[in-house]
Amino acid sequence: MPKRKAFINKNICVACGCCLKVCPKNAIEIFKGIYAQTHDDKCVGCGLCAKSCPADAIELTKN
Amino acid sequence: MKKKFMWYDYLWILSALYLILGFFNILFAWLGLLCFFIPLIISIVRGNKSYCNKYCGRGQLFSLLGNKCKLSMNKPLPNFIKSKWFRYGFLAFFMIMFFIMIFNTYLVFSGASDLKEAVTLLWTFKVPWDFAYTAGTVTPWIAQFAFGFYSIMLTSTLLGIITMIFFKPRAWCVYCPMGTMTQLICKAKAGTSKE
Ligand code: SF4
Ligand code: SF4
Ligand code: SF4
């Protein structure tokens, strides 16, 4: 069964860290202060990060 | 799942206090330099945005007002605000206004102009602020800088609150000059050519 995962658009991300604060699985880190990155193995696709992102840089994708 | 609260999750109290103190004694405005230098130093020395990601009280304040107090409509920001040219343009505009403020302080320092006991909102509206300063307390330029710096802080808070209401709570973080600047510094430091 395909699972939903958060996908972050690096070009829009402002590295504010809102997503980081809401992720219940600590699946996100900010790469060198430049953009946010998710760890697919930890992400459960809850979508909280996408909801909090002020830049709307996160999408949930099926893969 | 509830996240563990850390000591720095309460820094919004300092941010709120800072804004309030400016109504009582404008000289407290000088403390605002901390939220100018700390993020810059962190990004230059450590090459990360942990200031934004953890410590920024202003971001926390918007988040609280928007999420906990439910004041935010939680709508997506218009695309142009999220665009690079707007973010970098706003940073440039902000810096120009900052240097004009420094120049005004210099004019008072050199005696070319007098201290103006006013707070300028949105770079346009002059609000008399003499209630927060007793003339002669300090050298005029020190007070002038305080008025100027507090103007910047209050203006950015105002913009942040407006975008907090209409868009996502921390919409300000998209075009926050400090956030943009620290991200640029981190990019430069990482030596990446990523857009
Ligand atoms: S909330 Fe959005 S803009 Fe902020 S770091 Fe996360 S993905 Fe990037
Ligand atoms: S979708 Fe949920 S689990 Fe996955 S990164 Fe976003 S907040 Fe974390
Ligand atoms: S972008 Fe600006 S307001 Fe947002 S967390 Fe960073 S410094 Fe604070």
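Of all residues in segment A:8-26, those satisfying the criterion of being within 13 Å of ligand 2 (Cβ to nearest atom), open to solvent by 20 Å² or more (accessible area, probe 1.4 Å) and either within 7 Å of another protein chain (Cβ to nearest Cβ) or touching a Leu at 6+ places or on another chain (Cβ under 7 Å) (or both) are A:Leu20, A:Val22, A:Pro24. Every condition in (1) touching a helix residue (DSSP H, G or I) at 6+ places or on another chain (Cβ under 9 Å); (2) open to solvent by less than 70 Å² (accessible area, probe 1.4 Å); (3) within 12 Å of chain B (Cβ to nearest Cβ) holds for A:Glu29 except the one numbered (2).
Examine segment A:40-59 for a residue that is away from chain B (no Cβ under 12 Å), of a type in the set (Val, Ile, Thr) and more than 6 Å from ligand 2 (Cβ to nearest atom), and state whether such a residue exists. Checked against the condition, which is being away from chain B (no Cβ under 12 Å), of a type in the set (Val, Ile, Thr) and more than 6 Å from ligand 2 (Cβ to nearest atom), segment A:40-59 yields no hits at all. If you go through segment B:143-171 and keep only what is open to solvent by less than 20 Å² (accessible area, probe 1.4 Å) and touching a Cys at 6+ places or on another chain (Cβ under 9 Å), you end up with B:Ser156, B:Gly160, B:Lys168, B:Pro169, B:Arg170. The set of residues in segment B:93-116 that are surrounded by 12 or more Cβ atoms within 10 Å (Cβ to Cβ), farther than 16 Å from B:Ser151 by Cα and not aromatic (Phe, Trp, Tyr) comprises B:Leu107, B:Val108, B:Ser113.
The single residue among B:Leu65, B:Leu17 that is over 24 Å from A:Ala27 (Cβ atoms), touching a Pro at 6+ places or on another chain (Cβ under 8 Å) and more than 11 Å from every other protein chain (Cβ to nearest Cβ) turns out to be B:Leu65. Pairs meeting the criteria (first residue in segment B:29-50 and farther than 20 Å from B:Ala16 by Cα and open to solvent by less than 10 Å² (accessible area, probe 1.4 Å), second residue within 16 Å of ligand 2 (Cβ to nearest atom) and of a type outside the set (Asp, Glu), beta carbons under 8 Å, at least 6 apart or on different chains) are B:Lys49/A:Ala15; B:Lys49/A:Cys16; B:Lys49/A:Gly17; B:Lys49/A:Ile30.
The values are calculated or read from the model by the stated rules, or taken from the named source; none is laboratory data. Keep in mind it's a predicted model, so treat the numbers as computed, not measured. Reconstructed Cβ throughout: ideal geometry from the backbone, glycine too, with neighbour counts over all protein chains shown. These area figures cover heavy atoms from the full protein model, side chains too; ligands, DNA and RNA do not enter into them. Shrake-Rupley method; radii C 1.70, N 1.55, O 1.52, S 1.80 Å.
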